[in-house]
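These notes are about the structure you will find just below.
A short reminder: the numbers here are calculations on the coordinates, not readings from a lab. In this text the structure is predicted, and so the values were computed from the model without any measurement. Methodologically, a virtual Cβ is constructed for each residue, glycine included, from the backbone with ideal geometry; neighbour enumeration extends over all protein chains shown.
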Amino acid sequence: MQKEYIDQLNQVTKDNQAKPLIVGITGEFYVVLEPFSNLDVESELGKLGVEVRRMTFISEWTKFSLFLNPLGVNEKDRIHKAALPYLKRDIGGDGWESVGEKVLHANRYDGLIHLAPFTCMPEITAQNIMPSTKENIPVLTILCDEQIAKPGMLTRLEAFVDLLERRRRKRNNK
C-alpha cells in the first residue's frame, strides 16, 4: 500500500521553476493546529499557490514537553532569545513564541500569518509588538472566534497574498 501512495505522489507533475510565496503561520497553539478553529487557513493558502510553513506541531510539543524538557533540553531557548529585544518578561501563553518566530524566520518567509483566539491577552500583546520589530516582514493577524466567517477570511488572505506578490515584484525589480 505504501508503494502505491509513493507511485501516486511520483505521478504528480512538478514545476521546478516555480517560486511560490512562503508564508509562515504562528500564534496560539490550539488555533494554529486545529483546522476547524482557523477555517483551514493552511489549505486556503495552498489553493492560492502559497507554500505554508509552521513551527508548531503536536509531535514536537509531545517530544519536548514529555521527554526532552524534563532532561533540561529546551527548544524554546532560541525563540525566547530572538524575542528578548522586544519582550523583557514572559507574557504567558504562546505570545513569546509568536514574536520570537517572527524575528527568527523573517528572512525566510515572504509574510507571516498570526492566528489568535479572540481576547487572548498574550497574543494581543504579541500582535502589538510585531509591527515594531526591525524585521521587515508583513504580518496578518487573524482573530479566530465564533464571529469569523470563511468569506471574510478568504478576502483577507487573497489581499495579503496580493500584497506579498507586489512586494516581491518590487524587490526583484530593484
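Simple point charges give the picture: +1 on the Cβ of Lys and Arg, -1 on the Cβ of Asp and Glu, and for the chain a dipole about the Cα centre of about 1020 debye.
Per-residue Cβ neighbour counts within 10 Å put His80, His105 in the sequence His80, His105, beginning with the fewest.
Volume per residue for the chain equals 160 cubic angstrom (convex hull of Cα atoms). Considering only Cys120, Tyr86, Thr56, the residue lying farthest towards the positive end of the dipole of the chain is Tyr86, judged by Cα position with unit charges set on Cβ.
Taking 7 Å steps out from each Cα toward its Cβ at Gln2 and Arg167 produces label points 4.0 nm apart. Taking DSSP loops as anything outside H, G, I, E and B, show the longest stretch in the chain free of chymotrypsin sites (Phe, Trp or Tyr not before Pro) there with at most 14 other beta carbons within 10 Å. So the longest stretch without any such site is 58-117.
Pairs with C-alpha atoms separated by more than 24 Å, drawn from the list Lys19/Lys47; Lys47/Lys150; Lys134/Lys170; Lys19/Lys170; Lys14/Lys150; Lys14/Lys76, are Lys14/Lys150; Lys14/Lys76. Extension gain for Ala149 to Ser59 (0.36 nm times residue separation, less C-alpha to C-alpha distance): 29.5 nm.
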